[in-house]
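Report on one structure; see the data block that follows.
Derivation of every value follows stated rules applied to the coordinates shown; laboratory data play no part. In this text, all values refer to a predicted model and were calculated from it rather than measured experimentally. Neighbour counts are summed over all protein chains in view; Cβ atoms, including those assigned to glycine, are modelled from backbone coordinates with ideal geometry.
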Amino acid sequence: MLEVKNIKKTFGSLTAVDDLEFNIKPGEIMGLIGQNGAGKTTTFRIILNLLTPDNGHVLWNNKYLTTETFNKIGYLPEERGLYPKVTIENQLLYFAQLRGKKKSEIKPLIDHWLEKFDVKGKKTDKVKTLSKGNQQKVQLISTLIHQPELIILDEPFSGLDPVNAELLEDGIREAQANGASIIFSSHNMNNVEELCHSLIMLKDGRPVLNGTVKDIRQQFGRTKLFLESDLSHEDLKQFPGVKQVEKTSDNIDIVYLTDTEDGKLIFNEATKNGYIPTFSQQPPTLEEIFKRMAGENNE
Amino acid sequence: MNKYWVITKEVYKKNIKSFGFIAMVLSPLVLVAVVAGITYYFSQEEQTEPDTQIAVISENETINQIFSSQDWDFQIDDDIKEESEAEEALLDESISGYLTAEVENGTVNAELVYTDDFSDQSSIIQESLSNFQTMLRADELNLGQEDVAKLSEPVTLVEQHVDIEEGSLTEEDFSDTIVQQGSAYFVSIAIMIFIMTYAGIIAEEVANEKGTRIMEIILSSASATNHFFGKLTGVMLVLLTQITIYAVIGFGAYIYFKDADIVQSALNQIDLASILQELLGFTIIFFIAGVLMYVVLAAFFGSLATKMEDVNKAVTPIVFMALIGFYIGIFAFTSPDNTFVEVFSYIPLFTPFVMPFRIAAETVSTLGIWLSIIGTIGFAILISFVSLAFYRSNVLIYSDTNLLGTIKRSWSIMQSNRKARKNNSQ
């Protein structure tokens, strides 16, 4: 289990990460979201022991991270990098050796992994001959092939098309099923919502959201109402707690409420003549929450 | 396998297999081969085709015979019998000179008229004519062959060139100084070439890994120490491989060509053993320490670059240092006693360039040599560890500021990490 305890990191007058605390149990996936410069990469570097926190500490299975622990880590940095003039096979072997694996352990696995991620190219091809997407997949394989127990992925989905993004999701789920603790950052809230058990949103280095995806969404209340009824926009605006009314292209009204309770009055009024096709009161999506939190001044 | 060796092996393998390495090893060999080929061609040319012609005008049969019978480095134009003809031929450049010679009362009177093309042959002609005159006189005096030989036997002169050193006379081995100066010169050029190449290689290695973010993967797999020293070892092994290749080729060429005339005559002029001894002595220590020092610095400066394109900019300070050292070395070649030279020979970064010349000129004591060696090696170790300390934080900085800015930021990250570690341990 990865335990991040109350870490803080400053560079001179800049506070990069502050008061950050979370746990990731084996088989759990955590999403780390936040705008550019919010402190995600610094957090990863602290976990990886590339930076030392001013306060707090990071524990892996109740111990500090050491060179021994390095062998159990799979790390995909934000900007992808491979040796362009080295073959796919040698590349994968080198990184696996640096993770403490023997060549003979990894060599038989390579074909299987290349197939699994549908890499277009032979293992004897030099990396530079591959397309960018395929290079990225090779890098993902190098992150996962040594069966790491702690997987850290910095923006793993950026630049992948939907088909490849799904391959990656499958790969992450497989590692999860094998009991790995996984943390990844993403700008795509759909990925986070689909994969993550819990998430943390950082803003200026501080966590502004922290918990399971469901809880976080619920804590914002079911304030978004999808409605198909006889009520006009003018009617709807008369109800207490209605902030705004919009219409989707499918002729469904979206009513933004101040509070979950505000929906009840509208429900009663809309259904007074019986059946209506749509009444769905939802918490805001992660994306909406993200935008709201990013825009808000939380001081 | 230990991660240090994994890194060393990877660096070594990658570089040895690269086209750049093959080109780097071959280019000096090709150069040597071309120079040797040209030299050989011209020396053959000179021997086989003496294309300068002269005319010999003499009524003495023996003189005519001397010049027509012997094998000279020039040719005799037999058709010219008159001085006026010879003058004409000289004017239209069909001959390079003419000799008129007569014998009068046992004395040879000769006159040689010649152009630049023939200038280095005049002494041979004088010598042959003198010999002829000696024979004439010997005949006159009824002397036999042996008597002539006795008369012309040269005096044996034993030469002893001495130096006055600390109140006593010591024999100066003149050829030794030349050999030492030659090898000092050779070493300073070799250091320069190897520094330029290998500093470039390692700086590129480091900047490349940093620029492509491979560094972050590596430093989360192995310690910075393993990586830094693994890279250094890998590159130094590539260097050793290159030197070994030259040594093997040199030895092979020696075995193969040692019986050839041209090599024989060259070997007679120089003392191969003393050159090798000279090279394997202090010089090789300076060579290794010098290259090592600059390669470490190159790794450090390479880690300051953010992108591959910045590598050249990042290694400029090293190139300047090496150039300064090289020119002070050349200056030391001509004035090894200069105070300026003396001071610079003890500054570690310049020692490998300057000290070999001072040793060659014998202006430094053995103690001084060892002091400079210890200083250089100590400094190499010191900068290795300073570079390593910076390296860890350097590779996390991707800002586009200048070198100084990067060093400053790196320093602040280092301080912040150090402070944090101190706090944590309390």
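Across region A:103-120, computed HN-Hα scalar couplings (Karplus, 6.51 cos²θ - 1.76 cosθ + 1.60, θ = phi - 60°) run 4, 5, 6, 8, 3, x, 8, 4, 4, 4, 5, 4, 5, 4, 9, 6, 6, 7 Hz from first to last residue, x flagging Gly and Pro.
For a modelled paramagnetic label at A:Lys132, 7 Å from Cα along Cα-to-Cβ, the residues of region B:204-235 in reach, with backbone nitrogen under 16 Å, are B:212-213. Cβ-Cβ distance of A:Asn62 and A:Glu169, R₀ of 35 Å, FRET efficiency by 1/(1 + (r/R0)^6): the value works out to about 0.70.
Fully extending the segment from B:Ser130 to B:Lys17, taken as 0.36 nm per residue of separation minus the present Cα-Cα distance, adds 34.1 nm. When chain B is described by a simple charge dipole with +1 on each Lys and Arg Cβ and -1 on each Asp and Glu Cβ, the residue from B:Ser393, B:Met192, B:Trp370 located farthest towards its positive end is B:Ser393.
Would you mind calculating the gained length between B:Asn312 and B:Gln65 on full extension (0.36 nm times residue separation, minus the Cα-Cα distance), in nm to one decimal?
Full extension from B:Asn312 to B:Gln65 adds 81.8 nm.
In terms of the Cα gyration tensor, with a ≥ b ≥ c the square roots of its eigenvalues, is chain A rounded because a/c is under 1.5, prolate because a/b exceeds b/c, or oblate? It is prolate, given that a/c is not under 1.5 and a/b is the larger ratio.
Remark: mean inter-chain Cβ contacts per residue of A:93-100 equal 6, using a 10 Å Cβ-Cβ cutoff to other protein chain atoms.
Just to verify a number: FRET efficiency for A:Lys120 and A:Asn6, C-beta to C-beta distance, R0 = 45 Å, to 0.05? Mind dumping the intermediate values first?
On the way: r = 46 Å, r/R0 = 1.02.
So the FRET efficiency works out to roughly 0.50.
Secondary structure note: in the protein assembly as shown, about 65% of the DSSP beta bridges are antiparallel.
Taking a ≥ b ≥ c as the square roots of the eigenvalues of the Cα gyration tensor, an a/c ratio of 1.5 or more together with a/b larger than b/c marks region A:44-180 as prolate.
Summed over all non-identical Cα pairs, the Kirkwood treatment of region B:54-152 gives a radius of 14.4 Å.
Tell me the volume per residue, in Å³, of the convex hull enclosing the alpha carbons of the protein assembly as shown. It would help to have the intermediate numbers written out before the result.
Values: hull volume 198.0 nm³, N = 725.
Convex hull volume per residue, Cα atoms: 273 Å³.
A simple spin-label model places the labels of B:Val155 and B:Val248 5.7 nm from each other, with each point 7 Å out along Cα-to-Cβ.
Rg over Rh for region A:1-56 works out to 0.96, using Cα positions for both radii and the Kirkwood form for Rh. Given +1 at the Cβ of Lys and Arg, -1 at the Cβ of Asp and Glu and no other charges, the dipole of region B:174-425 around its Cα centre is 1500 debye to the nearest 20. Note on region A:222-282: Kirkwood radius taken over Cα pairs, Stokes-Einstein applied at 10 °C and 1.306 mPa s, translational D equal to 141 µm² s⁻¹.
Of all DSSP-defined beta bridges confined to chain B, some 65% are antiparallel rather than parallel. Legend: translational diffusion of chain B by Stokes-Einstein, Rh = Kirkwood radius over C-alpha pairs, 4 °C, 1.567 mPa s; D = 47 µm²/s. Rounded to 0.05, the FRET efficiency of the A:Gln238 and A:Ser280 pair, given R0 = 22 Å and the Cβ-Cβ distance, is 0.55. Simple point charges give the picture: +1 on the Cβ of Lys and Arg, -1 on the Cβ of Asp and Glu, and for region B:289-416 a dipole about the Cα centre of about 420 debye.
Note on B:2-9: average number of Cβ atoms from other chains within 10 Å of each residue's Cβ is 3. Between B:Trp5 and A:Gln218, the simple label model (points 7 Å from Cα in the Cβ direction) yields a spacing of 5.6 nm.
Here the mean projected area of the convex hull built on the C-alpha positions of region A:156-234 is 8.7 nm².
Give A:Lys137/B:Lys3; A:Lys72/A:Lys107; A:Lys203/A:Lys247; A:Lys102/B:Lys17 a once-over and call out the pairs whose C-alpha atoms are over 21 Å from each other.
A:Lys137/B:Lys3; A:Lys203/A:Lys247; A:Lys102/B:Lys17
Under the criterion of Cα pairs below 8 Å and six or more residues apart, the relative contact order for chain B equals 16 percent. Note: region B:174-425, Cα convex hull, 151 Å³ per residue. In this simple spin-label approximation, A:Thr248 and B:Thr334 carry label points 7 Å from Cα along the Cα→Cβ vector, and these lie 8.8 nm apart. Here the dipole of region A:217-299 is about 160 debye; that uses its Cα centre as origin and unit charges on the Cβ of Lys and Arg (positive) and Asp and Glu (negative). For region B:275-426, the relative contact order is 28 percent, taking Cα pairs closer than 8 Å that sit 6 or more residues apart in sequence and dividing their mean separation by the residue count. For the protein assembly as shown, the residue among B:Met308, A:Ile200, B:Thr233 whose Cα projects farthest onto the positive side of the dipole built from Cβ charges is A:Ile200.
Taken one residue at a time, the phi angles of region A:75-81 give Karplus couplings (6.51, -1.76, 1.60, θ = phi - 60°) of 10, 10, x, 4, 9, 6, x Hz. Gly and Pro are set to x. Screening chain B for DSSP H helices whose Cα atoms reach 15 Å or more along their own axis and whose mean Kyte hydropathy is at least 0.0 gives B:19-48, B:174-211, B:224-257, B:284-302, B:311-334, B:366-394.
For chain A, build the charge dipole from Cβ charges (+1 Lys, Arg; -1 Asp, Glu) around the Cα centre, then report which of A:Gly81, A:Phe290, A:Tyr94 sits farthest towards its positive end. With unit charges placed on the Cβ atoms, the residue in question is A:Tyr94.
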